[in-house]
Amino acid sequence: MKEDIILSVKHLVTSFDSEAGKIYAVDDVSFDVKKGKTLGIVGESGCGKSVTALSVMRLLPKPAGAIEKGRVLLDGLDLVQLKAEQLYHIRGSRISMIFQEPMTALNPVHKIGKQIGEVFRLHYSHMTRRMILDESIAFLRKVGIPDPEQRIREYPHQISGGMRQRVMIAMALAGKPDVLIADEPTTALDVTIQAQILDLIKSLQRETGMAVIFITHDLGVIAEVCDDVVVMYAGKVAEVAPVAELFYNPKHPYTRGLLSSIPRLEYPGKTKLNVITGMVPSLYEIPEGCRFQNRCPKAMAVCRTRPPGTTWVDKDHVVSCYLYQ
Ligand code: SF4
């Protein structure tokens, strides 16, 4: 593993059992996350972004979900091979996750102080009750929660959605993780709160040096916070590139379609935005060959025969498409 890589996902395959048989939500996905940097994972709903994150965290819903193949190397340690009790100590202290909807992670029947304190109790056995209380208040203050001495005595339903998201970020950071996974953490929030949360994550990252995996369907967010980007489509990686390279020199027809469907300042007024016609194929009916073939304006006969391999088109720029093979 290269020195500047903190997390390396290699050929990850994740399946779910369903009434119609086994479906592969993530199929042969590989990417690297650099120390202290932010990697964005972008794609439409159902492209496998969140399942990838849950696989990395080993938090797939049981018994339906399973990692079939692949490795998830955190500083060389393969999380796929760890036993449940080993994972218990890794999660929160070395790798943490914040979710789109904070109520999925916060327990509605426990006060906020108890929930954030639990993180310290689990990972720092030497801490006294007083130390835990002081640190909990300090972390809530750090994430911009006003009057944290009062908030720790409140229940999640007593504070706003933006505040709940901040509490979850405080809990995720309390264990001082090397890697933070943020799964659409601002989608449910209004735009001003979104901007505050993004700024908060960036400033905490500068302070702690953690790496961040940022999962979103929003290319604007990707442009704002990410260093590198993975574009996913129907469970596969379509393209990986540094963020500027992806925006100015996109290769995969899907990436090009996504980029031409967002408004840009340089567009003259009334410019019609592009639409990617068609739908993402159902995971129950994955076509032979390239998964984007039914929507691709460049599709060729070979695209319908077998999936394309990956091609390095530049240093750090990988694309999975027959146009480059
Ligand atoms: Fe389009 Fe073929 Fe490339 Fe798939 S492999 S994106 S169908 S050109």
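The values are calculated or read from the model by the stated rules, or taken from the named source; none is laboratory data. Quick caveat: nothing in here was measured; it's all calculated off a predicted structure. Ideal geometry is used to build each Cβ from the backbone, glycine not excepted, and the neighbour counts take in all protein chains shown. The protein model used for the area step is the full one, side chains on, heavy atoms only, and it has no ligands, DNA or RNA in it. Shrake-Rupley method; radii C 1.70, N 1.55, O 1.52, S 1.80 Å.
Taking all protein chains into account, the per residue accessible area for the chain stands at 49 Å² (1.4 Å probe). Each peptide in 153-164, 109-120 gets a packing score, the mean of other Cβ atoms within 10 Å over its residues, and the list from highest to lowest is 109-120, 153-164. Across segment 78-87, computed HN-Hα scalar couplings (Karplus, 6.51 cos²θ - 1.76 cosθ + 1.60, θ = phi - 60°) run 7, 5, 5, 8, 6, 7, 4, 6, 5, 4 Hz from first to last residue, x flagging Gly and Pro. In segment 1-64, the portion of solvent-accessible area held by carbon and sulfur atoms comes to 51 percent [1.4 Å probe, whole percent, DNA, RNA and ligands not counted].
Packing around the peptides 28-38, 297-307, taken as the average count of other Cβ atoms within 10 Å per residue, puts them in this order, highest first: 28-38, 297-307. State the percentage of accessible surface on segment 180-325 attributable to carbon and sulfur atoms; use a 1.4 Å probe and exclude ligands, DNA and RNA. Within segment 180-325, the accessible surface is 56 percent carbon and sulfur. Largest first, the extents of the alpha carbon coordinates of segment 86-135 on the three principal axes equal 31, 27, 15 Å. Here's the picture: charge each Lys and Arg Cβ at +1 and each Asp and Glu Cβ at -1 in segment 73-197, and of V179, G117, S96 the one pushed furthest to the positive end of that dipole is G117. Residue ranges 15-24, 251-260, 72-81 sort as 251-260, 72-81, 15-24 when ordered by packing (mean number of other C-beta atoms within 10 Å per residue, highest first). Taking all protein chains as shown and a probe of 1.4 angstrom, C321 keeps an accessible surface of around 20 Å². Rounded to the nearest 10 degrees, what's the angle between the helix 161-174 long axis and the longest principal axis of the chain, both from Cα atoms, 0 to 90? Relative to the chain, helix 161-174 is tipped by roughly 80 degrees.
Tell me which of G65, P297, M279 sits at the most positive position along the dipole axis of the chain, charges placed on C-beta atoms (Lys, Arg +1; Asp, Glu -1). The Cα lying farthest towards the positive end belongs to G65.
Within straight-line reach of K315, meaning a Cα separation under 28 Å, sit the following lysines at least 8 residues removed in sequence or on another chain: K2, K10, K34, K35, K37, K49, K69, K202, K236, K251, K298. Do any GluC sites (Glu not before Pro) in segment 218-325 lie in a loop, going by DSSP, with at most 11 other beta-carbon atoms within 10 Å of their beta carbon, and if so which? Of the GluC sites (Glu not before Pro), the ones in loops of segment 218-325 whose Cβ has at most 11 other Cβ atoms within 10 Å are E266, E285, E288.
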